[in-house]
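**Q** This is the structure I have questions about; it appears just below.
The values are calculated or read from the model by the stated rules, or taken from the named source; none is laboratory data. What you are looking at is a predicted structure, and each value in this text was computed from that prediction instead of being measured. For accessibility, only protein heavy atoms count, side chains too; no ligands or nucleic acids. Shrake-Rupley method; radii C 1.70, N 1.55, O 1.52, S 1.80 Å.
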Amino acid sequence: MRLSLEWLSDALTLPAGSTADEVAQTLVRIGFEVEDVHTVPPTTGDLVIGRVVEIEELTGLKKPIRFCQVDVGPGNGPDGSDAPRGIICGATNFAVGDTVVVALPGATLPGGFGIASRKTYGHISDGMICSNRELGLGQEHDGILVVAPAGADA
């Protein structure tokens, strides 16, 4: 079972400034087994929850590629508008109506991976729909992390 330090601090009173390693050592001391401590690498810039409103399957390519329109919440659209962002994505495990984590242009994901608007596959990709691995949340890379609700801070 994975246990978030943030969730644990909502349920218990932890000493101010407690690190994940210190909490893990305390859990072991009182009889719990701790298999691993996973620290999420830092991310800078905007990560938001978006709702997929349209998917265009691009054809004639060697692998599945989709051009998605994603509602990323009020003021998070292109040029600060409320309009959806067009985002190229190679994953196929999500559908119209699903909510996903979106890294907006200017964000930097773990490992120093910078997100920018760029032209690819004949479209402007204006952000990135993220998987667990891209967010530094684990090694799973079976597809996009599907979450809820749209517009919330990720």
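**Q** Per residue, what volume in Å³ does the convex hull of the Cα atoms of the range 3-51 enclose? Please report the intermediate quantities before stating the final value.
**A** Details: hull volume 6.3 nm³, N = 49.
Normalising the Cα hull of the range 3-51 by residue number yields 129 Å³.
**Q** With the radius of gyration and the Kirkwood radius both derived from the Cα set of the chain, what is their ratio Rg to Rh? Mind showing how you got there, number by number?
**A** Details: Rg = 18.2 Å, Rh = 17.2 Å.
Expressed as Rg/Rh, it is 1.06.
**Q** What length, rounded to one decimal in nm, is gained on full extension from Ala83 through to Leu27, with 0.36 nm per residue of separation minus their alpha-carbon distance?
**A** Details: separation 56, 0.36 × 56 = 20.16 nm, distance 4.67 nm.
Between Ala83 and Leu27, full extension yields 15.5 nm more.
**Q** Would you work out the relative contact order for the range 54-154, in percent, from Cα pairs under 8 angstrom that are 6 or more residues apart? All intermediate terms of the calculation are to be shown ahead of the outcome.
**A** Working: 197 pairs, mean separation 25.0, N = 101.
About 25 percent, as a whole number.
**Q** List the residues whose amide H sits under 5 Å from the amide H of Val40, counting only those 5 or more places along or on another chain, with H placed 1.01 Å from N in the peptide plane.
**A** Excluding prolines and chain starts, which carry no amide H, there are no hits.
**Q** Please compute the length gained on full extension between Ser18 and Glu54, using 0.36 nm multiplied by the number of residues separating them and subtracting their Cα-Cα distance.
**A** On the way: separation 36, 0.36 × 36 = 12.96 nm, distance 4.34 nm.
Gain on stretching Ser18 to Glu54: 8.6 nm.
**Q** Right, something else. Tell me, what % of the accessible area of the chain is carbon and sulfur with a 1.4 angstrom probe? Don't jump to the answer; show the numbers that get you there.
**A** Details: 4880 of 9480 Å².
Ligands and nucleic acids excluded, carbon and sulfur give 52 percent.
**Q** When DSSP beta bridges are limited to those with both residues in the chain, what percentage is antiparallel, rounded to the nearest 5?
**A** Numbers: 29 of 29 bridges.
Just about 100 percent of them are antiparallel.
**Q** List the residues, sorted by chain then number, that are 5 or more residues from Val147 or on another chain and whose placed amide H is less than 5 Å from its amide H.
**A** Amide H to amide H, under 5 Å and 5 or more residues apart or across chains, Val147 pairs with Thr99, Val100, Val101.
**Q** What does the helix-only formula give at 222 nm for the chain: each DSSP H stretch with n ≥ 4 adding -39500 (n - 2.57), the total divided by the residues, and the result rounded to the nearest 500 deg cm²/dmol?
**A** Helix-only estimate at 222 nm: -3000 deg cm²/dmol.
**Q** Let me ask another. Which residue, Pro15, Pro78, Pro105, tops the fluctuation ranking in a GNM of the chain built on C-alpha contacts under 10 Å?
**A** Ranking Pro15, Pro78, Pro105 by mean-square fluctuation puts Pro15 first.
**Q** Let me check against my output: what whole-number percent is the relative contact order of the range 12-114, with C-alpha pairs under 8 Å and at least 6 apart? Don't skip to the answer; put the middle values down first.
**A** Details: 154 pairs, mean separation 29.0, N = 103.
So the answer I get is 28 percent.
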